[in-house]
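Structure, as structure tokens:
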Amino acid sequence: MIKLSEPFFFGKELAYLKKVLKDKWISPNGNIVKKFEKKIQKYTTGKYNLGTVNCTAAIQLAIRLLNPKNNEEIIVPSITFAATINAVLYNNCKPIFLDCDNYLLLDKKKFYSFIKKNTYFKNNFTYNKKTKKKIIGIIFVNTFGNLFNIDNFFHSFCKKYNIKIIEDAAESLGSVHFDKKRNNKIQYNYYSFNGNKLITAGGGGMLSTKIKKKYLEAAYLATQAKKDSIQFIHDDIGYNFLISNLHASIGLSQLIFINNVLKKKKEINKIYKKEINKIDGLDILESPKDCLSNNWLNILVVDKKKYFLSKDQIIKKFSNFNIETRSLWYPNHLQKPFKKFQNYEIKKSNLMFKTCLCLPSSYGLKKSDQTKIIKLLQNKFNYSK
């Protein structure tokens, strides 16, 4: 089978794992964890990085650092993996769903519109007119490696309304924005090392911040909030959220080859765009002009009226050829656990879900396999070698 996004192992992983096993420190807080957290800094926005057991844990910690109170609200995109929304709810907060733009990034214009029409400002906080609850933060997602543009107006707007900025960078490790001051505008962000990501640690995540005090607070909370590790005294409710030395060793060994991965991902994207954009009714989703995407996954946009096959039909036909593709995430404002929460003027997200699918984009994707995928699309699946 041609996989959608499978991990690739470069040959260094076993040596790093053996070293951890030899040292017998396989749990969190080991030297390899510290090295991984330091080495990854080149690709994160923060000076301080905390390895976590998974990315959902990093999201949960980032929100916890906002010191949320019960039922306070956080603005989120509808198009994102459910983990983002779950982490909001784990913190006893409520999501407010917003639409996406043509790049599958949170629609800034609708964000501004929602705040101006549906909130009021009192005692240095923004309140939702409908629920009377504080809106304390916004999480934007760098979908499939595309970077959300935190321009000066957006940053000033959030500052004016005291809305904290959290970047979901789970899919955008290695993506680069041309605005060198962009990263200074982010309070917290986080990355994923799941098996299908740019590099993997066999699981795991990373919380990043520029604020040392908040980093120390996150590290404290992530170790069960132990005030005294000898006497086992706890003075808060904490979590068991730290990445293990075993997982960090895999991540560290993979990080050596991140530039190779980025180069190959760029080549895959270039070939897809060159060939598929010639096909009437099909396009590869573009990246914003102000960033270099890591091209984690390539998104096929389908116009059924011109191509005469729907997104769902294409997914099924690829499956018949043993090729793994998938849809976008089902919009969260329509999901059973979340549809009771507020949403605002969501149209584009629904359209993109109906018309977009993810194409195989693994580092190990063979040129012959990519050629097969393209020829299937060119010939509407009437394919012979």
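The numbers here are math on the coordinates, done by the rules we state, and not lab data. Note that this is a predicted model, so its numbers are computed, not measured. Don't worry about glycine lacking a Cβ; one is built from the backbone with ideal geometry, like all the others, and counts go over all protein chains shown.
Of the peptides 28-38, 78-88, 226-236, the ranking by mean beta-carbon count within 10 Å, highest at the top, reads 78-88, 28-38, 226-236. Taken as Cα centroids, the range 118-147 and the range 232-280 sit 28 Å apart, rounded to the nearest whole angstrom. Positive end of the dipole of the range 13-255 (Cβ unit charges, origin at the Cα centre): among Leu65, Gly203, Ile85, the Cα lying farthest that way belongs to Leu65.
Each 5 Å bin from zero up to the one holding the largest Cα-Cα distance in the range 258-378 carries the following percent of pairs: 2, 10, 19, 21, 18, 14, 9, 5, 1, 0.
Given the options His247, Ile271, Phe8, identify the residue whose Cα lies farthest towards the positive end of the charge dipole of the chain (+1 on Cβ of Lys, Arg; -1 on Cβ of Asp, Glu). Selected residue: Ile271. Taking other C-beta atoms within 10 angstrom as a stand-in for reagent exposure, Tyr48, Tyr43 fall in the order Tyr48, Tyr43, fewest first.
By DSSP, what percent of the beta bridges with both residues in the chain are antiparallel, rounded to the nearest 5? Close to 65 percent. Here's the picture: charge each Lys and Arg Cβ at +1 and each Asp and Glu Cβ at -1 in the chain, and of Tyr330, Val141, Phe111 the one pushed furthest to the positive end of that dipole is Phe111. In this structure, Phe308 and Leu89 have a Cβ-Cβ separation that, at R0 = 45 Å, corresponds to a calculated FRET efficiency of about 0.60. With a cut-off of 8 Å between alpha carbons and a minimum separation of six or more residues, what is the relative contact order of the range 13-255 in percent? Computed value for the range 13-255: 29 percent relative contact order. Cα convex hull, the range 13-255: 118 Å³ per residue, rounded to a whole number. In this label model, Tyr220 and Val176 are separated by 3.8 nm, measuring between points 7 Å along each Cα→Cβ vector.
Which FRET efficiency value, to the nearest 0.05, is calculated for Phe121 and Lys273 with the Förster distance at 41 angstrom and r the Cβ-Cβ distance? Spell out each step's value before the answer.
Working: r = 44 Å, r/R0 = 1.08.
Plugging the Cβ-Cβ distance into 1/(1 + (r/R0)^6) gives 0.40.
3J(HN,Hα) along the range 68-80: x, 9, 3, 6, 5, 10, 9, 7, 9, x, 6, 8, 6 Hz, from the Karplus curve 6.51 cos²θ - 1.76 cosθ + 1.60 with θ = phi - 60°, whole Hz, x for Gly and Pro. With 29 Å as the limit on Cα-Cα distance, the pairs of Lys3/Lys270; Lys213/Lys265; Lys122/Lys185 that go past it are Lys213/Lys265. Using 1/(1 + (r/R0)^6) with R0 = 45 angstrom and r between the beta carbons of Ser368 and Ala82, what's the FRET efficiency to the nearest 0.05? Plugging the Cβ-Cβ distance into 1/(1 + (r/R0)^6) gives 0.80. Simple point charges give the picture: +1 on the Cβ of Lys and Arg, -1 on the Cβ of Asp and Glu, and for the range 258-378 a dipole about the Cα centre of about 120 debye.
Across the range 237-266, the residues whose backbone nitrogen lies under 18 Å from the label position 7 Å along the beta-carbon direction of Asp23 are 242-256.
Taking 22 Å as the cut-off for C-alpha to C-alpha distance, list the pairs among Lys94/Lys197; Lys18/Lys366; Lys264/Lys367 that go past it. List each step's numbers first, then the result.
On the way: Lys94/Lys197 28 Å; Lys18/Lys366 30 Å; Lys264/Lys367 11 Å.
Lys94/Lys197; Lys18/Lys366, as the Cα separations exceed 22 Å there.
Across the range 166-173, computed HN-Hα scalar couplings (Karplus, 6.51 cos²θ - 1.76 cosθ + 1.60, θ = phi - 60°) run 10, 9, 8, 9, 3, 10, 10, 4 Hz from first to last residue, x flagging Gly and Pro.
Modelled spin-label separation between Lys213 and Phe381, with each label point placed 7 Å from Cα along the Cα-to-Cβ direction: 5.8 nm. Within the range 84-123, what residues put their amide N at less than 20 Å from the label point 7 Å along the Cα-to-Cβ vector of Gln335? Within reach of a label on Gln335: 84-101, 104-107.
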